[in-house]
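One structure is given here, and the rest of the page talks about it.
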Amino acid sequence: MTGTSTDVRTTTTERAGADEPGRDAPVLEVRGLKVVYDTASGPVTAVDGVDLTVNPGEFVAVVGESGCGKSTMLFGVAQLLSPPARIAGGEVVFRGQSLVAMNDKQLAPIRWKNLSVVMQSAMNALNPVKRIGDQYADTMRAHGVKEKAEITKRSEEVLALVGIDRIHLRSYPHQLSGGMRQRAMIAMALLFAPELIIMDEPTSALDVVAQRSLMLQIKELQRLLGFAVLFVTHDMSLVSHFSDRLLVMYAGQEVEFGATRTVFDRPAHPYSKGLLEAFPSIRGPKVPLVGIPGAPPALNAMPPGCRYEPRCPFAYEDCKTVVPALYQVGGSRARCLLHSPDHQPPAGQPVVAVVTDEEVL
Amino acid sequence: MSTPILEARGLTRVFRVGGFLNRHDLHAVDDASFAIGGSEILALVGESGSGKSTIARLLAQVYTPSAGEILFEGTPLTKLRSRADQMRYRAAVPMVFQDPFSSLNQSYPVSHGIERGLKLHRSDLDAEGRRSEAERVMEAVGMRPASEALRKYPYELSGGQRQRVGFAQALAYKPKVILADEPVSMLDISVRIGLLNLMAKLRDEDHVSLLYITHDIASARYIADRMMVMYAGHVVESGPVDEVLQSPQHPYTQLLVAAVPDPRAMPTMTAEQAAGEPPKVIDPKPGCRFADRCPLAKEVCRTTTPPLLELQPRHEVACHVAADRVGRGAESEELGRAADLVGSAA
Ligand SMILES: Nc1ncnc2c1ncn2[C@@H]1O[C@H](COP(=O)(O)OP(=O)(O)OP(=O)(O)O)[C@@H](O)[C@H]1O
Ligand SMILES: Nc1ncnc2c1ncn2[C@@H]1O[C@H](COP(=O)(O)OP(=O)(O)OP(=O)(O)O)[C@@H](O)[C@H]1O
Ligand SMILES: [Mg+2]
Ligand SMILES: [Mg+2]
């Protein structure tokens, strides 16, 4: 597909099962994914063209503005969409099998066992009238773990892993704090040893100490068990410290995808650049911050050219009319006309750093 | 400081947890005393599960205290008995809940919740006025175009959009204090900055005070006046925000500040520092609850709960070692022992 996967292999070392057949195949391949919500005023496209590969043992982070379609995309990947949402195009291939074509019965054995999902709202994902321990037990029984002692042992193990007292196996979700609920969900995703864990802002309710500790645990488990992680977050430090590759979304689209370090050091899309600049710090002088001026377009009123054009400090005439494709930029790819040979900005226009292969290496 | 707008004295909340045969007491908040002044943003930070949301819920009267009291403009809440008084308090001190997925009513469009609040608490407005007020608060939180956003149902919104609707609801009441429980946790940095600037503007121009609960320490520094740190149900430190961040006195605060990540630098904290068992809030014994993770813990830390002492002007710390550093170790031990005696008698 692109040159990016070669970059990645060097960063994912010591994967378990490295001598099994098919080790080089990505665990997840998403091609041209498109998700539509059928609303009262007609269908709106919330995810429109996401191409993504996740290799075994890899940690891929997804970032983007609130409402840009991250959760919808993850739901599309995990086949958890329900009406009015539907997949309107594209493919999701997990371990070589196409998930889009599967029905619930075919998906059931895969869920939790091979592919687990930690949703954005732990409160929504957990059953409010069931104790945490019973929810774990149900999940394990559904996958053939019947022994009571084994269930209890595993439940206590995963809770300890996320730093929660085992007494809370007897607690209902509302008896846990926000961050404890998130951790209880992560623990549930770790009950088995899945090949892929999808997490949607799983640590947004955790203090930085607990978050660090949990992320280090997850990385360690990843090293031991070899699972891959697809991780949505707004926390750029988390992305920077823990992810191998980074997908940046804007207004339903993938706008940049590349090795995390490359995207941080030389963002190829103006939105990524805006996102990475200006966050408050705990050191140095306090300066007023403004964020990225303007607001993202409404789903039913997308600009005809580039979707970021109305807010883009680098925009030029062509950006208003030409729809940018994903262009190869060094080891990454970016959806920005600056990288299209046919639509270069007029002379004298300030230009974002364009990375070349030489610079990346 | 003049009379604080909101004050807590010895605020305590204990929950019963466990199964039938092994009931336990979970001390979510233990003996917390603090005040929020007029036009002040108090940041509340601390360990996950340390009691931050419980404090906000106690102040919002969602939970009732097991002990201690809350004063609003000098009057104990227990004295606000009439329905009218209660309504006034609800409007003056609204709460923004941590989880916007469960706190918004899914059966009505967004406009409903906001206009209902306006109807109850803003009798000065007619239908037209309510409409434009609803649009104003939605605009303020960056939900544009507001008229369209108001027509949506909560389930049609993303996590961060719901979170902003929760904040807009609180704004509609023309509040005096907003109890904001992690109001920006689901927002990207750009939208987050917009909301932080809005909070600062509310304080500076409309003289609204805020209890700002957050895990984003840098954002607390950006807008807050003071910072209060909790660990395992106890307030362990509080003071002017820059002072707490620049010279944290409690070892937990020190760990917390050291762990604040910088996206441009590699992480400094090691796995070993980060590790720790769940804090001891279930059937707690006297002593500092951080002692087992504390590199400085002494014998007394394991037997006597350190009281919150003003070690520097306006800067309070609950730590025997920190008290000892300024020559007040004996006082810390004595006061702590006395309080533990009262606690175990209760
Ligand atoms: N049921 C629905 N009907 C119509 N539109 C919807 C529905 N659910 C979500 N949307 C819209 O789809 C878009 C994408 O939502 P999504 O939840 O995927 O965003 P997100 O990137 O996860 O945002 P956040 O970071 O705030 O969680 C949003 O603009 C949202 O308003
Ligand atoms: N309704 C309840 N019943 C029983 N226990 C509860 C209840 N609400 C909270 N707790 C317990 O009280 C403690 C404090 O919870 P609280 O929600 O106040 O923490 P928090 O500081 O807000 O944490 P977080 O940052 O994770 O949201 C936790 O141990 C939690 O399990
Ligand atoms: Mg989301
Ligand atoms: Mg909380």
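Each reported figure results from applying straightforward, stated rules to the coordinates on display, with no laboratory input. Owing to the predicted nature of the structure, the values given are computational and were not obtained by experimental measurement. Cβ: placed from backbone, ideal geometry, glycine included. Neighbour counts: every protein chain shown.
Ranked by how many other Cβ atoms sit within 10 Å of their own Cβ, fewest first, the residues A:335, B:57, A:183 fall in the order B:57, A:335, A:183. Using a simple spin-label model with pseudo-atoms 7 Å out from Cα toward Cβ, residue B:151 and residue B:33 lie 5.6 nm apart. In the protein assembly as shown, the alpha-carbon atoms span a convex hull of 173 Å³ per residue. Could you tell me whether the range A:248-359 comes out rounded, prolate or oblate from its Cα gyration tensor? Rule is a ≥ b ≥ c as square roots of the eigenvalues, rounded for a/c under 1.5, then prolate if a/b exceeds b/c, otherwise oblate. It comes out oblate by the Cα gyration axes.
Couplings 3J(HN,Hα) for the range B:175-182, derived from phi with the Karplus relation 6.51 cos²θ - 1.76 cosθ + 1.60 (θ = phi - 60°), are x, 9, 9, 9, 8, 9, 8, 6 Hz, where x marks Gly and Pro.
Neighbours of residue B:237 by Cβ distance under 13 Å: Lys/Arg scored +1, Asp/Glu scored -1, total -2. Highest mean packing first, where packing is the average number of other Cβ atoms within 10 Å per residue, the peptides A:68-79, B:130-141 line up as A:68-79, B:130-141.
Pairs of Cα atoms nearer than 8 Å and 6+ residues apart set the relative contact order; for the range A:2-243 it is 25 percent. Taking Lys and Arg as +1 and Asp and Glu as -1, the other residues whose beta-carbon sits under 10 Å from that of residue A:242 total 0.
Looking at the range B:1-64, the pairs of alpha carbons with a distance over 14 Å make up 64% of the total.
Residue order for A:317, B:243, fewest other beta carbons within 10 angstrom first, comes to A:317, B:243.
All distinct Cα pairs of the range A:13-150 go into the 1/r average, and the inverse of that average, the Kirkwood radius, is 17.1 Å.
Given points 7 Å out from each Cα along the Cα-Cβ axis, report the residue B:20 to residue B:83 separation in nanometres with one decimal. In this crude label model, residue B:20 to residue B:83 measures out at 4.1 nm.
Karplus-derived 3J(HN,Hα) values for the range A:223-229, using 6.51 cos²θ - 1.76 cosθ + 1.60 with θ = phi - 60°, are 5, 6, 9, x, 6, 9, 10 Hz; glycine and proline are entered as x. With respect to chain B, whose longest principal axis is taken over its alpha-carbon atoms, helix B:189-206 is tilted by about 90°. Projected onto its three principal axes, the C-alpha set of the range B:102-174 covers 33, 22, 18 Å, listed from the longest axis down. When each of A:51, B:25 is scored by the number of other beta-carbon atoms lying within 10 Å, the sequence from fewest to most is B:25, A:51. Close amide H contacts of residue B:46 (hydrogens built in the peptide plane, cut-off under 5 Å, sequence separation of 5 or more or a different chain): B:230. Its DSSP H runs of at least 4 residues, each contributing -39,500 (n - 2.57), put the calculated 222 nm mean residue ellipticity of chain A at -8000 deg cm²/dmol, to the nearest 500. Under the criterion of Cα pairs below 8 Å and six or more residues apart, the relative contact order for the range A:205-319 equals 16 percent.
For the range B:88-123 versus the range B:180-206, the inter-centroid distance based on Cα atoms is 18 Å. In sequence order, the range A:298-308 has phi-based couplings of 5, 4, 9, 9, 6, x, x, x, 6, 6, 9 Hz under the Karplus curve 6.51 cos²θ - 1.76 cosθ + 1.60, θ = phi - 60°, and Gly or Pro positions carry x.
Each of A:330, A:302, A:231 was scored by the projection of its Cα onto the charge dipole of chain A, and the greatest displacement toward the positive side belongs to A:231; charges sit on the C-beta of Lys, Arg, Asp and Glu. When only the Cβ of Lys, Arg, Asp and Glu is charged (+1, +1, -1, -1), the dipole of the protein assembly as shown relative to its Cα centre reaches about 1680 debye. Mean separation of Cα pairs under 8 Å and 6 or more residues apart, divided by the residue count, gives the range B:102-174 a relative contact order of 45 percent. Taking square-rooted eigenvalues a ≥ b ≥ c of the alpha carbon gyration tensor, is the range A:2-243 rounded, prolate or oblate, where a/c under 1.5 means rounded and, failing that, a/b exceeding b/c means prolate? Since a/c stays below 1.5, the shape of the range A:2-243 is classed as rounded.
Across chain B, the volume of the C-alpha convex hull divided among the residues equals 164 Å³ per residue. The distance separating the Cα centre of the range B:10-31 from that of the range A:212-236 comes to 33 Å.
Report, in degrees rounded to the nearest 10, the 0 to 90 angle that the Cα long axis of helix B:159-172 makes with the longest principal axis of chain B. Rounded to the nearest ten degrees, it is 80.
Estimated purely from DSSP H runs of n ≥ 4, each contributing -39500 (n - 2.57), the mean residue ellipticity at 222 nm for chain B is -11500 deg cm²/dmol once divided by its residues. Computing Rg and the Kirkwood Rh from the Cα coordinates of the range B:151-191 gives a ratio, Rg/Rh, of 0.99.
Amide H contacts of residue A:57 (H built 1.01 Å from N, in plane; Pro and chain starts excluded): A:228 sit under 5 Å, all sequence-distant by 5 or more or on other chains.
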